[in-house]
Amino acid sequence: MAEPVTEVVECDVLVVGGGMAGCGAAYEAKYWAKNLRVVMVDKAATDRSGATGEGLSAINCYMGMKYGWNKPEDYVKYVRTDMMGIAREDLTYDVARHVDGTVHLFEEWGLPIWKDEEGLPVREGRWQIMIHGEAIKPIIAESAKTALGPVNLYERVFISHLLTDADDPNRIAGAMGFHVRENKIYIFKAKAVISAAGGTTALFRPRNVGEGMGRTWYSIFDTGSVYGIVIPVGAEMTQMEHRFVPARFKDSYGPVGAWSQLFRADLTNAAGDNYFVNRLPELTKYDPYGSAFATPTPLRNHLLLTEIQAGRGPIYLRTPEAIDALSHGDPVKKRQVIEEAWEDFLDMTISQAVLWASQNIRPEEKPSEVVLAEPYLMGSHSGESGAWVSGPEDVAPSEYRWGYSKMTTVRGLFAAGDGVGASPHKFSSGSFTEGRLAGKSA
């Protein structure tokens with residue numbers, strides 16, 4: 001094999017990862033540093049990389065402050081309770097107070113948001129609004145690519161190592177990686193680096209079988225790069241023990257959130273009983289969080305697991321009853337609800353629609369089985385994994401602030417999205433927002 005060609009790239013700010021957080025970081029960094037060189041590197045194609053690459057059916061982090069729906073303080077309380085106390089309030093607040101502006105940018109850039117008869121966004125839940133989001137990632141990627149310019153975007157380049165200063169090992173100096181299709185090595189020299197790569201979905205083998213063999217929720221190419229590059233250079237991590245085990249449709253890993261919140265579908269055991277009601281006594285072991293409303297995500301999934309362990313599985317999502325309830329006996333309305341149900345997955349989890357079609361399942365006629373997926377390590381969804389970062393100057397306590405906002409314990413190394421520890425429930429809009437905050441600081 002021929003010796004690889006080595007290319008050296010010098011820049012002021014280097015963004016590693018082209019997902020939502022990376023695009024937010026690149027867009028914002030270039031806004032504030034018009035005369036500096038900002039470079040973004042992605043191991044895939046930015047238009048479809050990251051957790052939203054397959055599409056999305058809802059924005060899961062939106063305050064709706066201009067409508068008087070929620071305040072950032074409300075979100076902090078919700079996140080703290082849902083994560084059973086494991087969350088940094090300064091980081092959560094920082095995202096919450098800025099995320100609405102991000103969502104409004106998305107709409108300006110062309111993201112279609114469902115609107116009701118009064119012109120208000122259709123709410124899936126307290127913090128969620130529905131979107132036509134099959135193309136959300138190309139829309140968001142375009143903003144970053146336009147801001148950077150083509151010469152500052154390096155796609156299909158895998159960053160394998162971060163580089164530190166030869167005279168100061170606790171100061172970042174750049175990164176190195178290789179092209180995934182060409183025999184080429186890249187050395188990136190940078191004054192600041194933003195680690196915005198993805199969390200870990202492939203740590204454990206997917207449990208899917210049959211038509212769903214090998215499928216996973218989240219992007220299969222999210223292999224933990226965001227942790228694998230910052231740990232070796234000494235970035236201190238919050239903790240890596242919190243693993244998110246989501247409830248998903250069996251074998252396709254389609255999310256159940258829209259069905260549970262928007263369509264109000266019940267989850268029942270093999271006998272047709274509501275498993276949650278059956279397991280309520282289990283919650284008292286975990287007070288005060290066990291008696292909280294809404295029940296924290298880890299406890300909801302824990303109850304599902306204990307119901308299965310008690311021999312009362314499988315667990316089914318009662319899609320026919322939910323569709324009938326929403327239709328109110330109106331066949332035209334029922335057809336509309338059914339179309340919305342299919343669109344929910346065609347927007348973000350096509351594998352669910354494919355699985356239903358391949359097995360001749362009509363959700364209006366037959367319920368679907370729900371299982372717990374394998375554990376994931378992440379920092380942007382219902383997960384806590386990631387690095388310690390310095391908090392915002394105006395709200396962070398002194399022990400959580402040692403430098404620029406979103407900077408890790410390594411000087412000049414920033415993080416966003418899955419890379420930030422104890423900053424959960426950001427989802428897509430919050431990750432882009434956190435990327436923007438890191439980009440401005442860097």
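Please verify whether segment 42-62 includes one or more residues that are in contact (Cβ under 8 Å) with a residue 24 or more places away in the chain, aliphatic (A, V, I, L, M) and closer than 19 Å to residue 162 by Cβ. No - not one qualifying residue is present in segment 42-62. Every condition in (1) of a type in the set (S, T, N, Q); (2) touching a helix residue (DSSP H, G or I) at 6+ places or on another chain (Cβ under 8 Å); (3) assigned to a loop (DSSP other than H, G, I, E, B) is met by residue 351 except one, and the failing one is (3). Of the residues examined, residue 202 is not one that is of a type in the set (A, V, I, L, M), in contact with a strand residue (DSSP E or B) (Cβ under 7 Å, 6 or more places away or on another chain), surrounded by 15 or more Cβ atoms within 10 Å (Cβ to Cβ) and modelled with pLDDT of 95 or more. Only one of the numbered conditions (1) in a loop (DSSP other than H, G, I, E, B); (2) surrounded by 24 or more Cβ atoms within 10 Å (Cβ to Cβ) is violated by residue 418, and that is (1).
From the residues in segment 278-293 that are exposed (fewer than 10 other Cβ atoms within 10 Å of the Cβ), under 29 Å from the mean Cα position of the chain (by Cα) and not acidic (Asp, Glu), which one is nearest to residue 125 (Cα to Cα)? Out of the qualifying residues, it is 293.
Just to be sure, is residue 436 more than 30 Å from residue 131 (Cα to Cα) and either modelled with pLDDT of 95 or more or among the hydrophobic types (A, V, I, L, M, F, W, C) (or both)? Spelling it out, it is not the case that residue 436 is more than 30 Å from residue 131 (Cα to Cα) and either modelled with pLDDT of 95 or more or among the hydrophobic types (A, V, I, L, M, F, W, C) (or both).
Being of a type in the set (Phe, Trp, Tyr) and modelled with pLDDT under 95 is a condition met by at least one residue of segment 371-378.
The values are calculated or read from the model by the stated rules, or taken from the named source; none is laboratory data. All values derive from a computational prediction rather than experimental measurement. Ideal geometry is used to build each Cβ from the backbone, glycine not excepted, and the neighbour counts take in all protein chains shown.
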